[in-house]
Amino acid sequence: MNLEFSPEEQAFRDEVRSFIAENYPSDISGSGLRDDLSPEDMVAWHKILGKKGWSVPAWPVEYGGTGWTPTQRYIWSEENARVNAIMPLPFGVSMVGPVIYTFGNDAQKEQHLPGIRSGDVWWCQGYSEPGAGSDLASLKTTAVRDGDHYVINGQKTWTTLAQHADWGFFLCRTDPDAAKPQEGISFILVDMKTPGIEVRPIKLIDGGYEVNETWLTDVRVPVENLVGEENKGWTYAKFLLAHERSGIAGVARSKRAVSQLREIAKAEMLDDKPLMQDFDFARKVSQLEIDLAALEMTELRTLASEQAGKGPGPESSILKIKGTEIQQRLTELTLEAVGHYGTPYYRDLADAGSNEYPIGPDYAQHSAATYFNMRKTSIYGGSNEIQRNIISKMILGL
Ligand SMILES: Cc1cc2nc3c(=O)[nH]c(=O)nc-3n(C[C@H](O)[C@H](O)[C@H](O)COP(=O)(O)OP(=O)(O)OC[C@H]3O[C@@H](n4cnc5c(N)ncnc54)[C@H](O)[C@@H]3O)c2cc1C
């Protein structure tokens, strides 16, 4: 693995940096928490990238991908992280898009891929249910064939940003009598405007609103919305999850957050000295940086093997565990650094209709909300305990 960027790759970095500097919408602001942004802001950069042809870099060129090497894609994510760009949501680009171009038929590709590329169609993921998270194959939502429709009944949960979704991809049980629970599941695309779908908000501990319960009552969906074969949905569902997990590592963003943490710890004082000079705190930041450097090497190794033609496999579980642990530790150390300024909850002020500015420096304002929000990362995309099970089975052969 060569860690030096070639002159061509450096030229690519310059091109990307200039494009972002010239085109990234400067009016997108917010706390950095996704649910503090308007839906329009969340897709603004996606739409600009769609016009440029850069919204789905990892897709095959025939479906609108850029043909960039994995190293170029790595540079791309680093450059976006530098400016904290709000990237395209993963549900279309990294999840259902690859499933559709890999397993979907021509009509589905024609209908759905353009809207994912352009950012005009918002997708949500209907996998989890109240009784089926880690044990996803025990899901109970049913899709029963009635002429040329499926009739779907059941409840999904944690459906991220479904309140804005135009379409959803749902795992439904189509054969309740299959020998194994994994064998009777189908992968179905559902227009979220179909009668019988109700999206109910789940209020989170950080005060935000980004997940929902999604109830489906006699939802009639044309059979042509089935992806691939009936009862073979588990295969497509697993394929999608490997793509979802490798995107969660967030190395480039964590690098940016570590630099920010260092700046905060230089500004905050402890016993009349900058916190960054406190031995214990400095040790924790250094350990974090060491772990992040190791994760970056692992990610680069995965990219190198992708360059050699291997898709994301069980290694994505390693990236998911380490990446999310680092993200959580970053928010813990930030909260520790800002001390009592992290206590006032800016959403409480907003909810109470207060026009007062919260006390403390700007960087402290969202630290508590971010800390709470990031607890999710070790749960979603398959919990970290489940990723450890996958590693023990698929990599270590235990
Ligand atoms: C913020 C957020 C957004 C999400 N967005 C979506 C979405 O858009 N669409 C969607 O479909 N889902 C979504 N999810 C759901 C997510 O995939 C599930 O929460 C996750 O798979 C865990 O399932 P569960 O919550 O039912 O926990 P459970 O499966 O009940 O697990 C509870 C605990 O037990 C542990 N555990 C369970 N089984 C084992 C085992 N075999 N070995 C060791 N430990 C085990 C788990 O690790 C966990 O700590 C989201 C979740 C969150 C938190």
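The values are calculated or read from the model by the stated rules, or taken from the named source; none is laboratory data. The structure presented is a predicted model; accordingly, all values stated were derived computationally and were not measured. Reconstructed Cβ throughout: ideal geometry from the backbone, glycine too, with neighbour counts over all protein chains shown. The area values use the complete protein model at the heavy-atom level, side chains included, leaving out ligands, DNA and RNA. Shrake-Rupley method; radii C 1.70, N 1.55, O 1.52, S 1.80 Å.
Some points to look at:
- Averaged per residue, the stretch 105-255 has 43 square angstrom of accessible surface, using a 1.4 angstrom probe with ligands and nucleic acids left out.
- Antiparallel %, DSSP beta bridges [both residues in the stretch 52-177], to 5: 55 percent
- Helical contribution to [θ] at 222 nm, DSSP H n ≥ 4, -39,500 (n - 2.57), averaged over the chain, rounded to 500: -14000 deg cm²/dmol
- Remark: for residue pairs Lys140/Lys376; Lys156/Lys310; Lys52/Lys109; Lys140/Lys238; Lys180/Lys320, the C-alpha separation exceeds 26 Å in Lys156/Lys310; Lys180/Lys320.
- Three-way shape label, the stretch 143-250, alpha-carbon gyration tensor, a/c 1.5: oblate
- Where labels lie 7 Å past Cα in the beta-carbon direction, separation of Lys203 and Asp191 in nm: 3.4 nm
- Placing a pseudo-label 7 Å from each Cα along the Cα-to-Cβ vector at Arg283 and Lys180 gives an inter-label distance of 4.8 nm.
- Ser18 accessible area, assembled protein chains, probe 1.4 Å, Å²: 50 Å²
- With all protein chains modelled, accessible area of Met269 [1.4 Å, Å²]: 120 Å²
- All alpha carbon pair distances within the stretch 171-232 were sorted into 5 Å bins beginning at 0; the resulting P(r) in whole percents reads 4, 16, 18, 18, 17, 13, 9, 5, 1.
- Helix axis angle, 7-23 relative to the chain longest principal axis, alpha carbon, degrees: 90 degrees
- With Rh defined as the Kirkwood radius, the inverse of the mean 1/r over Cα pairs, the Rg/Rh of the stretch 11-99 is 0.95.
- Carbon + sulfur, % of accessible area of the chain - ligands and nucleic acids excluded, 1.4 Å: 53 percent
- Note on Tyr357 and Glu325: the model spin-label points, each 7 Å out from Cα along the C-beta direction, lie 4.0 nm apart.
- Working from Cα pairs under 8 Å separated by at least six residues, relative contact order for the chain is 13 percent.
- Cβ-derived FRET efficiency at R0 22 Å, Val61 paired with Phe19, nearest 0.05: 0.70
- Considering only Leu333, Trp76, Leu396, and ranking their Cα positions along the charge dipole of the chain that arises from unit charges at the beta-carbon of Lys, Arg, Asp and Glu, the one farthest toward the positive end is Leu396.
- For the stretch 109-156 versus the stretch 238-286, the spacing of their alpha-carbon centroids is 36 Å.
- Solvent-free Debye scattering, log10 I(q)/I(0), computed from the Cα coordinates of the stretch 67-117 at q = 0.26 Å⁻¹: -0.98
- Measuring r between the beta carbons of Asp146 and Asp27 and using R0 = 45 Å, the FRET efficiency lands at 0.40.
- The relative contact order of the stretch 164-282, computed from alpha carbon pairs under 8 Å that lie at least 6 residues apart in sequence, is 20 percent.
- Cα gyration tensor shape of the stretch 198-262, rounded if a/c is under 1.5, else prolate or oblate by comparing a/b with b/c: oblate
- Based on alpha-carbon atoms, the Kirkwood radius and the radius of gyration of the chain give Rg/Rh equal to 0.97.
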